Structure formats: C-alpha cells, structure tokens
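Asker: Below are the structure tokens for one structure; questions will follow.
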Amino acid sequence: MTEDDIFKDLGVRPLRRLNKSGRPAPHLSLRFDSHLFSIDTSRSPKKSIQPDAYLVTHAHSDHYGKSAMISPKAVASRETARALEIRHERRYEGRTFPVGEEILVDELEVKTYSTGHTIGSVAFGWETEVGTRVLVTGDVKNYENLPKCDLLVTEANYGDPWDPACRFEDDIVGFGDAVESGATFGAYAFGKAQRAVSLIRALGCKEEIGMDPKSLALTKELLPDFGPFSPVEENGTDLNVVTPWELSTVSSKRKYVLTGRSDLPFTQIRISDHLDFKGLMRMVEKISPEAALIYHPEGRRANMMAHHLRELGMASISVSQIEDSF
Ligand SMILES: [Zn+2]
C-alpha cells in the first residue's frame with residue numbers, strides 16, 4: 001500500500017498552502033470530514049482558502065504563533081497565548097484553554113495534552129467521523145501524557161538516526177553542581193529560561209534568581225510561584241539566568257550556556273527542551289500509530305526520521321513529501 005492510500009484509508013488529507021512565490025508555507029493543514037485545520041502555520045492571506053482553526057502547539061517562533069495569534073481562529077493554551085503576547089507585544093485574538101482540557105473546535109471535540117517542551121506546550125488529539133484518531137504533537141520533551149493514535153503528526157528536531165548530534169542525555173548533574181557553586185546561565189528567554197528556573201527550584205535552591213527584562217517578564221507570568229526573581233543588575237546573589245547574548249555583560253564567577261549553539265565562548269551544559277532520537281522512537285512506540293507524518297523542522301531530520309520509520313515498516317512521510325496544496 002502506498003503512503004497516499006494510507007491517508008485515503010484514514011480519511012485525512014494533508015496539504016500545504018502555497019505562498020505567492022509558489023513555495024509551500026510552513027507547516028501544514030489537515031482536511032478531514034468537513035474540517036480544515038492548520039497546524040503551526042502562518043495566517044492564510046485574505047484571498048486564500050481559510051482554515052477552520054489555526055492550532056498553535058506552543059509559542060516558539062518557528063511554530064508561527066506570532067502570525068496566527070491575531071486571527072480569531074487561533075487555538076492555543078492560556079500560557080502559550082500569554083507568552084505570545086509578552087514576546088510579540090500584540091494582543092492574542094484567538095481562543096484559549098487550560099492545558100489538558102478538551103475544547104470544541106469547529107464543533108469537533110479536540111483534546112489537549114501537555115508535552116513538557118515549554119510552559120503551555122500541548123499536543124492536540126481528535127477522532128474523525130470514520131474513527132481515525134489523529135494526534136498532532138508539536139515539540140515534545142515528555143511523551144508520558146500522550147495517547148495512542150492512528151495518525152501521528154510529530155516533530156523531528158533530533159530525528160536523524162545517523163546524526164550523532166541527535167543522541168544525548170541532559171546533564172542535570174552538571175547543572176546542579178553549577179547552581180550550587182553560583183553561576184550565570186545563558187538561556188533563551190522563552191522556554192529554556194523557565195526550564196532552568198524550574199530545575200533550580202527542583203534542586204532545592206531557594207535563592208533569588210537575577211534575570212534580564214524579557215526573561216523576567218515571561219518567567220513571572222508563566223511560573224509565578226517560582227520566585228524570588230529580580231532584575232539581574234539588582235540581584236545580590238551569584239545566580240542568574242539571562243539570554244545567551246547578554247551573558248558577556250553580566251559580572252559572574254562562572255558562566256555557562258544552556259543551548260546547543262557552539263559559537264558562544266562559554267562552557268555548554270546540555271539541557272534540552274526536546275526528546276533526542278531514542279526518546280522520539282520510544283514515543284512513537286508508545287503511541288503506536290498506523291501512519292506518521294513528520295512535520296517539523298522541515299528538512300533533513302524530518303526526511304530521515306520518516307525514512308527510518310518506513311524502514312521499520314510504518315507508513316510515514318515527511319512534510320516535504322506532501323503533494324496536495326491550496
Ligand atoms: Zn519549540
């Protein structure tokens with residue numbers, strides 16, 4: 001059976017919107033029954049076919065909430081909506097829900113599941129009229145809450161089985177040692193900064209944490225009970241979390257970056273917001289879908305993960321292999 005037949009069988013047609021230059025816009029839409037749901041896409045221009053909903057899995061910019069958030073058809077968790085507002089200084093015009101609750105979207109019951117990737121990140125799941133269970137994960141750190149499904153639409157940030165960079169463990173011990181002796185951590189303001197703060201508190205450290213203005217605003221909003229926090233220049237302790245590019249401006253005994261970027265002149269501590277390749281495979285095994293569509297980030301890793309799943313006998317395509325468009 002070809003991949004096309006599988007999607008026909010499942011009653012779900014993946015398609016992509018083409019932008020003015022004729023190239024596909026990120027990421028994809030799913031047509032099923034009478035519905036058209038767009039997933040982590042930018043807004044369709046007025047003249048173009050309009051989806052029934054823009055599902056926004058989380059507030060990272062490569063998932064296009066900045067564009068979708070000003071549509072009343074946007075659907076995002078409360079935390080994702082607030083993070084988008086703080087990050088982009090514009091009003092979120094769509095609908096919100098508490099993570100883990102069910103929501104009616106275009107008269108269809110859509111369930112939501114925490115994925116532990118950022119505060120407020122969710123997977124969306126629903127069942128079509130022919131009984132196909134669809135699950136769209138967004139980015140995932142923790143797949144424990146995710147249900148079984150028939151069609152899995154998922155990420156591949158570390159999905160290439162042949163790339164050694166896709167296999168890693170988080171260095172929680174190294175992070176804990178650094179917290180104990182006092183340090184300044186370079187972390188992206190949304191996502192990684194809140195992961196660092198959660199870990200600092202989980203380690204039992206109650207000291208004040210100094211932060212740059214954007215990280216501070218986001219963390220106070222998304223983790224209100226995890227203080228005390230202060231602006232980095234007013235912080236009396238040697239414990240700070242700032243963006244990687246502000247790291248050089250802070251005076252601190254020890255400085256580390258919590259990103260995978262190797263172009264920064266600071267020691268790296270590996271703390272990832274993602275599953276590595278082994279984790280992704282364990283997730284697929286648990287969800288045990290009939291077919292998989294690997295959608296983010298578009299390119300080699302998604303292609304390689306789809307290829308790997310096909311080799312294991314699962315019907316699987318990457319977002320670049322979607323042929324239908326609008
Ligand atoms: Zn992300």
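Asker: Using beta carbons and a limit of 6 Å, which pairs, at least six apart or on different chains, have the first residue in segment 126-142 and more than 17 Å from VAL75 (Cα to Cα) and the second one open to solvent by less than 10 Å² (accessible area, probe 1.4 Å) and within 13 Å of the ligand (Cβ to nearest atom)?
Answerer: Short answer, once both residue conditions are applied: VAL140/THR115; VAL140/HIS117; LYS141/HIS117.
Asker: Only one residue in ASP276, ASP238, ASP263 is out of contact with any Gly (no Cβ under 9 Å at 6 or more places or on another chain) and away from the ligand (no atom under 16 Å from the Cβ), so which one is that? It would help to see each step written out before you state the result.
Answerer: On the way: ASP276 fails: away from the ligand (no atom under 16 Å from the Cβ); ASP238 fails: out of contact with any Gly (no Cβ under 9 Å at 6 or more places or on another chain).
Every option except ASP263 fails the conditions.
Asker: Residue by residue through segment 263-280, note down the ones that are without any contact (Cβ under 8 Å) to a residue 40 or more places away in the chain and either more than 30 Å from LEU247 (Cα to Cα) or part of a strand (DSSP E or B) (or both). Give the derivation first.
Answerer: Step one: list which residues in segment 263-280 are without any contact (Cβ under 8 Å) to a residue 40 or more places away in the chain, which gives 263, 265, 267-268.
If the condition is that a residue be without any contact (Cβ under 8 Å) to a residue 40 or more places away in the chain and either more than 30 Å from LEU247 (Cα to Cα) or part of a strand (DSSP E or B) (or both), then THR267, GLN268 are the ones that fit.
Asker: Looking only at segment 32-55, count how many residues are more than 11 Å from the ligand (Cβ to nearest atom) and in a loop (DSSP other than H, G, I, E, B). Working first, answer last.
Answerer: Residues of segment 32-55 that are more than 11 Å from the ligand (Cβ to nearest atom), as a first pass: 32-39, 41-55.
Those still in the list that are in a loop (DSSP other than H, G, I, E, B) too: 33-34, 41-52.
Within segment 32-55, residues that are more than 11 Å from the ligand (Cβ to nearest atom) and in a loop (DSSP other than H, G, I, E, B) number 14.
Asker: I'm told GLN321 meets every condition in (1) in contact with an Asp or Glu (Cβ under 7 Å, 6 or more places away or on another chain); (2) within 30 Å of ARG17 (Cα to Cα); (3) exposed (fewer than 15 other Cβ atoms within 10 Å of the Cβ) except one. Can you identify the failing condition by its number?
Answerer: If we test GLN321 against (1) in contact with an Asp or Glu (Cβ under 7 Å, 6 or more places away or on another chain); (2) within 30 Å of ARG17 (Cα to Cα); (3) exposed (fewer than 15 other Cβ atoms within 10 Å of the Cβ), just (1) comes out false.
Asker: Return the only residue of PRO224, PRO265 being of a type outside the set (Asp, Glu), closer than 21 Å to THR80 by Cβ and open to solvent by 60 Å² or more (accessible area, probe 1.4 Å).
Answerer: Values: PRO265 fails: closer than 21 Å to THR80 by Cβ.
Every option except PRO224 fails the conditions.
Asker: Of everything in segment 282-296 that's touching a residue at least 12 places away in the same chain (Cβ under 8 Å) and surrounded by fewer than 18 Cβ atoms within 10 Å (Cβ to Cβ), which residue is nearest to ALA193 (Cα to Cα)? Give the derivation first.
Answerer: First, pick out the residues of segment 282-296 that are touching a residue at least 12 places away in the same chain (Cβ under 8 Å): 282-284, 286-296.
Of the ones still in play, those that are also surrounded by fewer than 18 Cβ atoms within 10 Å (Cβ to Cβ) are 282, 286, 288, 290.
Working: ARG282: 27, LYS286: 29, SER288: 33, GLU290: 36 Å.
Once the filter is applied, the top-ranked residue is ARG282.
Asker: Can you name every residue in segment 72-127 that is over 15 Å from the mean Cα position of the chain (by Cα) and of a type in the set (Ser, Thr, Tyr)?
Answerer: The answer is TYR92, THR96.
Asker: While we're here: Yes or no: segment 245-257 includes at least one residue that is touching a residue at least 24 places away in the same chain (Cβ under 8 Å), in contact with a Leu (Cβ under 8 Å, 6 or more places away or on another chain) and under 23 Å from ASP139 (Cα atoms).
Answerer: yes
Asker: When residues of segment 229-262 are filtered for being surrounded by 14 or more Cβ atoms within 10 Å (Cβ to Cβ), part of a helix (DSSP H, G or I) and hydrophobic (A, V, I, L, M, F, W, C), how many remain?
Answerer: 2
Asker: Can you confirm whether MET305 is open to solvent by 30 Å² or more (accessible area, probe 1.4 Å), among the hydrophobic types (A, V, I, L, M, F, W, C) and under 18 Å from the mean Cα position of the chain (by Cα)? Give the derivation first.
Answerer: Working: open to solvent by 30 Å² or more (accessible area, probe 1.4 Å): no; among the hydrophobic types (A, V, I, L, M, F, W, C): yes; under 18 Å from the mean Cα position of the chain (by Cα): yes.
So MET305 fails the test.
The values are calculated or read from the model by the stated rules, or taken from the named source; none is laboratory data. None of the values given here were measured: they were computed from a predicted structure. Heads up, the Cβs are rebuilt from the backbone with ideal geometry, glycines too, and the neighbour counts pull from every protein chain shown. Accessible surface areas use protein heavy atoms only, side chains included; no ligands, DNA or RNA. Shrake-Rupley method; radii C 1.70, N 1.55, O 1.52, S 1.80 Å.
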